[in-house]
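The values are calculated or read from the model by the stated rules, or taken from the named source; none is laboratory data. What you see is a predicted model, and the numbers here were worked out from it, not measured in a lab. No Cβ is skipped: glycine too gets one built from the backbone with ideal geometry, and neighbour counts run over all protein chains shown. The area values use the complete protein model at the heavy-atom level, side chains included, leaving out ligands, DNA and RNA. Shrake-Rupley method; radii C 1.70, N 1.55, O 1.52, S 1.80 Å.
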Amino acid sequence: MTSPAEIIEGSQGDTLLLCDHASNAVPEGVDLGIAPELLDLHIGVDIGAGPLTRSLAAALDVPAVLGTVSRLVIDLHREPDHAGLIPHRSDGHWIPGNQHADRAERIARFHGPYHHVLAAQVRARRPKLILAIHSFTPRLEHGGSDRPWEVGVLYNRDARAATPAIRFFEGEELVTGDNEPYSGRLLNATLNRHAEANGIPSLSIEVRNDLIRDDAGVGRWTEILAALAKTLRNSLASGSSAAQ
C-alpha cells in the first residue's frame, strides 16, 4: 500500500517544507485511463518541485513532507469538497478513469492520511515557518497566456512571510508574481489548514517549471530558496522581538 506521505527528517525544526504535488505516481488499483506520458506533464506533477524540495531540505537540514500520488489521482492541495479534487479534465486533457471514481474511497485512502501526517508533523515539530514548494507551467496548453514570472509568492490573509519574500525575490532581480500565477486567496488549502489555522507564518513558492527541469536549475533555486529561508527566519525573529 502506498504511504500517504514521504517524510524527510532534519535536525533544524524551526522550518517545515511541504510539497503536495511532488509525485506522478498512480497507485495500484487506480486506473486513470490516460496515456502514461501525460503523467510527466504539469497536469500530473509539479515538475521539478519534488527534487527542489529534497535538495532544499538537505541544504537547510530541515524536515519536509512530500505527497506520494499524482495530482490526477487526487489533488492533495484542494479541500475535500472542491470540485477539482479528482479532476475529470485537466488543461484540456480528459481523464476518463476519474469520471466515476469513488470520491470517498480516494479521500480515505490518500487525501485524509496525507493531511493527517501533515497535522502530526506540525504538532510534533511546532515550526516557526512553513514553506510550500510548487511549480507552474510557463503557459497552459488550452486558453492560457504566457506567464512571465520566474517565481510566484502565494498567500492568503497572513502575509508575515510573503511580504518579505516578495522583497527578497525582487532584490534578486527575479520577475516575481504577488499572488501569481493564481491567487493564494483562492487556492491555499494546505497552508490554510496547517499553517494559517495554527498561527504559523507561511507561503507557497511557485517556481516556473522550465527553470527547475534539470539538476543545474534545481541547484540554482536551492541556493536562492536557502537564502530566502534564512532571510525569513531573521525577519520573523525580528518581528517577534519587536512585538515583545
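Computed quantities for the displayed model
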| quantity | calculated |
| --- | --- |
| Value of relative contact order over region 150-244, rounded to a whole percent, pairs C-alpha under 8 Å and six or more apart | 36 percent |
| Farthest positive-ward along region 166-205 dipole, Cα basis, beta-carbon charges - from I205, L187, L174 | L187 |
| Probe 1.4 Å, all protein chains present, accessible-area order of E28, E150, E223, largest first | E28, E223, E150 |
| By accessible area with a 1.4 Å probe, ligands and nucleic acids excluded, highest first: order of R123, R109 | R123, R109 |
| Solvent accessible area, Å² - V69, 1.4 Å probe, full protein context | 10 Å² |
| Nonlocal amide H pairs with G184, under 5 Å, H built at 1.01 Å | Y155 |
| Region 25-113 - percent relative contact order, Cα under 8 Å, separation 6 or more | 31 percent |
| Highest-first arrangement of 166-173, 224-231, where packing means the average Cβ count within 10 Å | 224-231, 166-173 |
| Rounded accessible area per residue of region 125-207, 1.4 Å, Å² | 45 Å² |
| Euclidean distance between Cα centres, region 181-201 to region 109-153, Å | 9 Å |
| Apportionment of accessible area to carbon and sulfur, the chain, percent (1.4 Å) | 50 percent |
| Heavy atoms of H42 accessible to a 1.4 Å probe, total area in Å² rounded to 10 | 30 Å² |
| Positive-pole candidate from H93, V218, Q121, dipole of the chain, charges at beta carbon | Q121 |
| For F136, distant residues with modelled amide H under 5 Å away | V207, R208, N209 |
| For region 141-154, Karplus couplings with θ = phi - 60° (6.51, -1.76, 1.60), whole Hz, Gly/Pro x | 5, 10, x, x, 9, 4, 10, x, 5, 7, 8, x, 10, 10 |
| Probe 1.4 Å - accessible area at S235, Å² to nearest ten | 40 Å² |
| Contact order normalised by residue count of the chain, Cα under 8 Å, 6+ apart, percent | 23 percent |
| Within the chain: Cβ-based charge dipole about Cα centre, in debye rounded to nearest 20 (Lys, Arg +1; Asp, Glu -1) | 840 debye |
| Entry for Rg and Dmax of the Cα atoms in Å (calculated from the structure that is shown) out of (i) 17.3, 57; (ii) 17.2, 54; (iii) 17.2, 49 | (i) |
